[in-house]
1. For region B:129-139, does any single residue satisfy the condition of being part of a helix (DSSP H, G or I), at negative phi and either over 21 Å from the mean Cα position of the chain (by Cα) or of a type in the set (D, E, K, R) (or both)?
2. Please go through region A:42-59 and give me each residue that is surrounded by 11 or more Cβ atoms within 10 Å (Cβ to Cβ), within 13 Å of chain B (Cβ to nearest Cβ) and either of a type in the set (Gly, Ala, Ser) or not in a helix (DSSP H, G or I) (or both), ordered by number.
3. Out of all the residues in region A:19-30, is one or more in a helix (DSSP H, G or I), within 15 Å of B:Leu199 (Cβ to Cβ) and within 11 Å of another protein chain (Cβ to nearest Cβ)?
4. Within region B:112-122, is there a residue that is part of a helix (DSSP H, G or I), surrounded by fewer than 20 Cβ atoms within 10 Å (Cβ to Cβ) and touching a residue at least 60 places away in the same chain (Cβ under 8 Å)?
5. What is the residue count in region B:51-94 for residues that are exposed (fewer than 12 other Cβ atoms within 10 Å of the Cβ) and within 17 Å of the chain's Cα centre (by Cα)?
6. Taking the condition over 18 Å from the mean Cα position of the chain (by Cα), assigned to a helix (DSSP H, G or I), farther than 21 Å from B:Leu104 by Cα and small (Gly, Ala, Ser), does B:Ala152 pass?
7. Step by step: first the residues of region B:159-181, then only those that are part of a helix (DSSP H, G or I) and surrounded by fewer than 12 Cβ atoms within 10 Å (Cβ to Cβ), then the one that is nearest to the other protein chains (Cβ to nearest Cβ). Which residue is that?
8. When you go through B:Leu145, B:Leu188 one by one, which is the residue that is more than 14 Å from chain A (Cβ to nearest Cβ) and farther than 30 Å from B:Ala59 by Cα?
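The values are calculated or read from the model by the stated rules, or taken from the named source; none is laboratory data. Here the structure is a predicted model, which is why all the values come from computation and not from measurement. Neighbour counts run over all protein chains shown; Cβ positions are idealised from the backbone, glycine included.
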Amino acid sequence: MARSVRVNLDRLLLERRMTLTQLSAKVGLTLANLSILKTGKAKAIRFSTLVALCEALECEPGDLLELE
Amino acid sequence: MPDSARMLTQVVKRFLDFVFILSIAAVVIWPVLMLAFWLNLIGGVDEMRIETYLGFSLAQPDGAQLLHGKGDLDVVSASRYAWLLSYGTREVLSVISLFVVIQLRAVFKSLSDGGAVTAGDASRIGKVGFAIVAWHAIAPCLQYLGGRVVLADLESNVAGLQLHPALELDLIGVFTGLAVIVLSGVLLEAARIREEQALTI
């Protein structure tokens with residue numbers, strides 16, 4: 001069966017006590033794009049976006065992305 | 001999309017809307033007229049001139065060929081089969097035309113709404129390509145068949161004039177259809193890449 005990458009944005013936002021709107025303002029991504037990431041509809045993520053998210057959420061890429 | 005291209009898209013879309021109405025009328029009205037003529041409600045089959053694609057040659061009294069060629073000729077024939085085949089051919093080609101117009105209309109509507117070419121548009125363009133190939137494959141067969149049926153009924157009383165069934169195979173038309181099919185595959189791939197790009201965060 002084909003494996004996929006899960007984006008653990010929900011869990012990290014909960015742990016950091018941050019809303020999607022706050023993250024959007026910090027990272028510079030639109031709510032629509034963050035929503036696409038959060039719902040697992042994204043096809044790919046740029047390294048620059050990944051770096052910005054990890055810095056905003058103070059985490060490692062492995063915390064944000066998980067192979068399932 | 002640049003303004004000039006957007007304007008041109010609008011113009012083509014309106015033209016296709018007009019052609020769509022004409023095509024619908026042709027597909028619907030033609031069979032009704034055929035039935036009316038067949039039942040002698042409006043004139044009769046015997047009074048109809050049948051347009052048929054035929055080859056012809058004219059010889060001089062000494063037997064030397066004076067001229068030859070092929071083209072659409074109006075033939076007076078009492079053959080109901082020839083009449084039915086001739087006008088039935090037009091109906092078949094009208095249906096293919098209507099199919100093409102419907103596909104192109106959908107593509108241009110999508111483009112005039114400001115969107116980029118989608119996978120659905122690419123698929124429709126592919127169908128247009130298949131229709132072009134089908135047209136250029138079917139039309140010559142119907143031309144030849146129609147000619148044979150008409151000539152079977154026709155008695156030529158002009159000395160030196162010979163008529164024979166003919167067909168015109170447009171290879172450029174066939175390859176144009178094939179090229180459109182290939183291009184639709186390219187557009188499909190482009191639409192897929194665009195969708196992937198849109199969902200790249």
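1. Residues of region B:129-139 that are part of a helix (DSSP H, G or I), as a first pass: B:129-139.
If we keep only those that are at negative phi as well, we get B:129-139.
Then drop every residue that is not either over 21 Å from the mean Cα position of the chain (by Cα) or of a type in the set (D, E, K, R) (or both), which leaves none.
No.
2. To start, the set of residues in region A:42-59 that are surrounded by 11 or more Cβ atoms within 10 Å (Cβ to Cβ) comprises A:42-45, A:49-57, A:59.
Imposing the further condition that a residue be within 13 Å of chain B (Cβ to nearest Cβ) reduces the set to A:42-45, A:49-53.
Residues satisfying the conditions are A:Ala42, A:Lys43, A:Ala44, A:Ile45, A:Ala52.
3. Going residue by residue through region A:19-30, those that are in a helix (DSSP H, G or I) are A:20-27.
Now narrow it down to the ones that are within 15 Å of B:Leu199 (Cβ to Cβ): none.
Taking every residue of region A:19-30 in turn, none turns out to be in a helix (DSSP H, G or I), within 15 Å of B:Leu199 (Cβ to Cβ) and within 11 Å of another protein chain (Cβ to nearest Cβ).
4. Yes, region B:112-122 has at least one match.
5. Count: 2.
6. Numbers: over 18 Å from the mean Cα position of the chain (by Cα): yes; assigned to a helix (DSSP H, G or I): yes; farther than 21 Å from B:Leu104 by Cα: yes; small (Gly, Ala, Ser): yes.
Yes, satisfied.
7. Let us first name the residues in region B:159-181 that are part of a helix (DSSP H, G or I), namely B:171-181.
Checking the rest, the ones that are also surrounded by fewer than 12 Cβ atoms within 10 Å (Cβ to Cβ) come to B:171-172.
Values: B:Leu171: 42, B:Ile172: 41 Å.
For region B:159-181, the residue satisfying everything is B:Ile172.
8. Working: B:Leu145 fails: farther than 30 Å from B:Ala59 by Cα.
Unique residue meeting the criteria: B:Leu188.
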